[in-house]
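Reading through the structure tokens given below for one structure.
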Amino acid sequence: MNNRQTLIFLLVVAALIGALAVYQSLQPPRWKGSFINPPAPMPDFLLQSGQGPVRLSDLRGKKVLLYFGYTGCPDVCPTTLGVLREALNALGSQAEAFQVVFVSVDPGRDTPQLVSAYAARFSPSFLGVTGTVEEIAQVAPAFGVFYKLNPPDPKSGYYSVDHSASVLVLNEKGELMLTWPYGLTAPEVEDDLRALLRY
């Protein structure tokens, strides 16, 4: 193969690689979570953090990763928040497009200050909020979230809380566009986050 043939071969290979990259970029993402199309409008809420009131609509312009749990959760909540932290850290500066909001469904024990401090242990950018018993009883079902406070232990008084474990992803308009089930790995969440950056 002479120099001219080699050059033509390399140009053809480069063109094929470029065409493949364009083709792949035009393909719809293979979501790890459940993609909702069209996105579903979601209600606003006003809850309290340790730094003051937080209205969901104040976060417009960012994609919100909304998770309901409680600070005394022994496994599911810390695992989920840890996965979100790891996935967002992998994005570098692009993580600024997202806002994690952790809503406690245990307002009897989780004060705004406590839930804010808990969320901040995972990342200083994470918001932790809660409300009164009545407010949480309205907000959680409005987002399709189930929770139940179990009877306290007769001796210690400790009680656990059953709750939905999915992460709800809202777009910049506050509409539900994706849900992640419990158990996804950080790389899987990262893949979806990178795909969300194109939406």
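Has the stretch 145-161 got any residue that is in the same structural domain as P38 (by TED's automatic domain parsing), within 27 Å of L91 (Cβ to Cβ) and not hydroxyl-bearing (S, T, Y)? Checked the stretch 145-161: at least one residue is in the same structural domain as P38 (by TED's automatic domain parsing), within 27 Å of L91 (Cβ to Cβ) and not hydroxyl-bearing (S, T, Y). Of all residues in the stretch 80-98, exactly one satisfies the criterion of being of a type in the set (S, T, Y) and touching a residue at least 40 places away in the same chain (Cβ under 8 Å), namely T80. Considering the stretch 122-140, and only residues there that are under 16 Å from Q51 (Cα atoms) and among the hydrophobic types (A, V, I, L, M, F, W, C), the residue that is surrounded by the most Cβ atoms within 10 Å (Cβ to Cβ) turns out to be V129.
Is there a residue being assigned to a strand (DSSP E or B) and of a type in the set (S, T, Y) anywhere in the stretch 76-95? Scanning the stretch 76-95, I find no residue that is assigned to a strand (DSSP E or B) and of a type in the set (S, T, Y), so the answer is no. Out of all the residues in the stretch 159-190, which are in contact with a Gly (Cβ under 8 Å, 6 or more places away or on another chain), hydroxyl-bearing (S, T, Y) and farther than 22 Å from P38 by Cα? Hits for the stretch 159-190 are S160, S164. Taking Y118 and the conditions (1) surrounded by fewer than 16 Cβ atoms within 10 Å (Cβ to Cβ); (2) within 14 Å of G72 (Cα to Cα), which numbered condition does it fall short on, given that it satisfies the others? Result: Y118 fails condition (1) only. Is it the case that S156 is in a loop (DSSP other than H, G, I, E, B) and over 30 Å from R198 (Cβ atoms)? The answer is yes for S156.
Scanning the stretch 51-75 for residues that are part of a loop (DSSP other than H, G, I, E, B) and surrounded by 23 or more Cβ atoms within 10 Å (Cβ to Cβ) gives a single hit, Y70.
Please state which one of E135, E172 is assigned to a loop (DSSP other than H, G, I, E, B), touching a residue at least 60 places away in the same chain (Cβ under 8 Å) and acidic (D, E).
E172
Within the stretch 36-61, residues that are in the same structural domain as A120 (by TED's automatic domain parsing) and over 21 Å from A97 (Cα atoms) reach partners that are assigned to a helix (DSSP H, G or I) and of a type in the set (D, E) with beta carbons closer than 7 Å, at six or more positions or on different chains, in the pairs L47/E135.
Please find, within the stretch 175-190, the residue that is farthest from the chain's Cα centre (by Cα) out of those that are buried (at least 19 other Cβ atoms within 10 Å of the Cβ) and assigned to a helix (DSSP H, G or I). Per the stated criteria, the residue is E190.
Restricting the first member to the stretch 140-167 and to residues that are modelled with pLDDT under 95, and the second to residues that are among the basic types (K, R) and surrounded by fewer than 19 Cβ atoms within 10 Å (Cβ to Cβ), the beta-carbon pairs closer than 9 Å and six or more apart or on different chains are Y159/R109.
The values are calculated or read from the model by the stated rules, or taken from the named source; none is laboratory data. These figures come from a predicted structure and were not determined experimentally. Every residue, glycine among them, receives a Cβ derived from its backbone with ideal geometry; neighbour counts consider all protein chains shown.
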